[in-house]
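Asks: Before we start, here is the structure in question, set down as structure tokens.
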Amino acid sequence: MYPRDARENWYRGQGLWGEVPAEQWNDWRWQMRHRLTSLEEVEQRLELTAAEREGCLLARNKLAMAITPYFFNLIDREDPDCPIRRQVIPRKEEMAVSPEELLDPVGEEGAMGVDGLVHRYPDRCLFLVTNVCAAYCRYCTRSRLVSNAQGYDFHPNLENALRYIEEHPEIRDVLLSGGDPLMLSDKKLDYLLGRLREIPHVEFVRIGSRIPVFLPQRITAGLQDVMRRHGPVWMSIHVNHPKECTEALSEATEKLTMAGVPLGNQSVLLRGVNDDVPTMTSLVHRLLMMRVRPYYLYQCDLITGSRHLRADIRKGIEIIRALRGHSTGYAVPQFVIDAPAGGGKVPVNPEYVQEITETEVIMRNFEGKEFRYPLITADNGKQVPAEAEWIPEEILL
Ligand SMILES: *Cc1c(COP(=O)(O)O)cnc(C)c1O
Ligand code: SF4
């Protein structure tokens with residue numbers, strides 16, 4: 001049993017920006033204007049290690065650095081290994097490319113229907129609507145295009161992508177991502193969602209966004225209106241560590257839910273951030289308290305310069321095993337590896353089935369105890385009457 005997660009510990013306040021009027025602090029435009037984007041701005045507030053200093057200087061050629069004041073406050077400035085810090089402050093290790101690493105680690109470029117639209121699975125597509133985010137995650141799968149530090153020059157043509165979706169009736173599910181789709185204005189989002197809703201074969205629309213985590217102030221009444229108007233729109237947020245579950249995030253998820261948006265969470269398993277059982281246990285419980293259902297736990301993709309952040313896959317399996325049965329079923333995400341070179345998401349599970357014999361399944365439960373369940377075999381099938389005369393004909397249809 002892990003300790004209960006006392007709700008009183010959830011972060012609130014303005015921290016280093018205590019003198020800023022609340023009205024400004026709570027305005028997402030103020031947060032965006034005051035993002036920390038240079039070595040100097042970060043160093044004024046945080047003592048950096050040599051590896052971080054170098055990382056900050058080199059970041060502009062790889063993946064830009066940007067941190068909202070709100071998110072920066074969550075860093076423990078006394079701890080060089082702070083899990084928040086590891087996610088957003090660049091380190092020189094990012095510049096080292098290991099042999100297994102790739103610029104496009106999950107082969108998205110090869111699956112583009114049109115620029116900015118990845119059509120890998122039969123019934124759904126990934127629609128990249130922007131290349132900007134409120135802050136940048138050092139392990140981003142799309143660092144090749146996000147923030148445009150590598151000169152990718154991503155100019156998504158929304159009309160081309162919409163036309164592609166219109167012309168492909170097999171597309172039932174559209175996932176808006178980027179970059180962060182909530183960087184679009186309410187007006188643009190309203191238009192985009194409206195267009196998608198007009199396509200009769202699009203049944204399911206969802207948004208992948210880390211903005212509730214980096215910039216919860218963006219979840220405004222205006223945005224709620226857009227979500228309500230085009231709902232149901234689902235959303236996957238991206239929370240990696242229990243420290244990110246603050247009062248502000250909780251208010252944002254509350255607003256989204258009240259606007260009819262079902263919420264899931266996608267975490268990335270990161271070394272020294274969340275690759276241990278107590279951290280992930282606390283995270284998933286906090287998510288449920290905020291009306292968010294843990295959806296995926298991703299093994300970190302083989303993105304260039306990510307080795308220092310990639311965790312051991314066995315750790316991920318151990319975490320799922322520690323959750324299953326020991327906690328609420330709703331709290332357990334699916335652990336997946338997005339297979340390199342375009343294989344798509346592959347679930348990775350602890351083994352519960354030990355063996356399937358001719359007659360039974362031999363399995364172990366969450367406590368490691370063995371159980372058996374019989375198979376329906378040709379032989380015992382004969383014991384079932386071929387025609388179930390006792391079912392009234394009218395309900396057999
Ligand atoms: C992850 C992903 C999706 C969505 O997959 P789900 O398992 O339905 O969440 C769709 N397209 C691409 C290219 C993806 O990477
Ligand atoms: S918010 Fe998403 S797209 Fe943006 S940097 Fe982070 S992982 Fe990449």
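The values are calculated or read from the model by the stated rules, or taken from the named source; none is laboratory data. From a predicted model like this one, the values you see are computed outputs, not experimental measurements. Note: ideal-geometry Cβ built from the backbone for every residue, glycine included; neighbour counts use all protein chains shown. Surface areas here come from the heavy atoms of the whole protein model, side chains and all, with no ligands, DNA or RNA. Shrake-Rupley method; radii C 1.70, N 1.55, O 1.52, S 1.80 Å.
Asks: Under 8 Å for C-alpha pairs, at least 6 residues apart: give me the relative contact order for the chain, rounded to a whole percent.
Replies: 15 percent
Asks: Which percent of Cα-Cα pairs in the stretch 7-95 sits in each 10 Å bin, short to long?
Replies: Computed distribution, short to long bins: 16, 48, 28, 8, 0.
Asks: Report the normalised scattering of the chain as log10 I(q)/I(0) at q = 0.06, 0.11 Å⁻¹, calculated by the Debye formula with identical scatterers on the alpha carbons.
Replies: Per q value, in the given order, log10 I(q)/I(0) is -0.28, -0.86.
Asks: If you plug each phi of the stretch 51-56 into the Karplus form 6.51 cos²θ - 1.76 cosθ + 1.60 with θ = phi - 60°, what whole-Hz ³J(HN,Hα) values come out, in order, with x for Gly and Pro?
Replies: 5, 6, 4, 4, x, 4
Asks: Something else: Highest first, please rank the peptides 196-203, 123-130 by the mean number of other Cβ atoms sitting within 10 Å of their residues.
Replies: In descending order of packing, they fall as 123-130, 196-203.
Asks: Also, quick follow-up: Considering the zone a paramagnetic label at ARG163 would reach in this model (a point 7 Å from Cα along the Cα-to-Cβ line), which residues of the stretch 105-122 have amide N under 18 Å from it?
Replies: Inside the label zone: 112-119.
Asks: In nm, what is the difference between 0.36 nm times the number of residues separating TYR152 and GLN44 and their Cα-Cα distance?
Replies: Going from the current span to full extension adds 35.8 nm.
Asks: Run the accessible area of the stretch 7-95 with a 1.4 Å probe and give the carbon-and-sulfur part as a rounded percent.
Replies: Carbon-and-sulfur percentage of accessible area, whole number: 43.
Asks: Would you calculate a helix-derived [θ] at 222 nm for the chain, using -39,500 (n - 2.57) for each DSSP H run of n ≥ 4 and dividing by the full residue count, to the nearest 500?
Replies: -7500 deg cm²/dmol
Asks: Using only Cα atoms, locate the centre of the stretch 1-77 and the centre of the stretch 176-192, then give the distance between them in Å, rounded to an integer.
Replies: Here the answer is 24 Å between Cα centres.
Asks: Further question on the same structure: Taking the highest mean first, how do the peptides 323-333, 7-17 order by number of other beta carbon atoms within 10 angstrom per residue? Each step should come with its number before you reach the end.
Replies: Details: 323-333: 15.9, 7-17: 13.0.
The most tightly packed comes first, giving 323-333, 7-17.
Asks: Excluding residues fewer than 8 places away in the same chain, name every one of the lysines whose C-alpha is closer than 29 Å to that of LYS315.
Replies: LYS62, LYS92, LYS243, LYS345, LYS369
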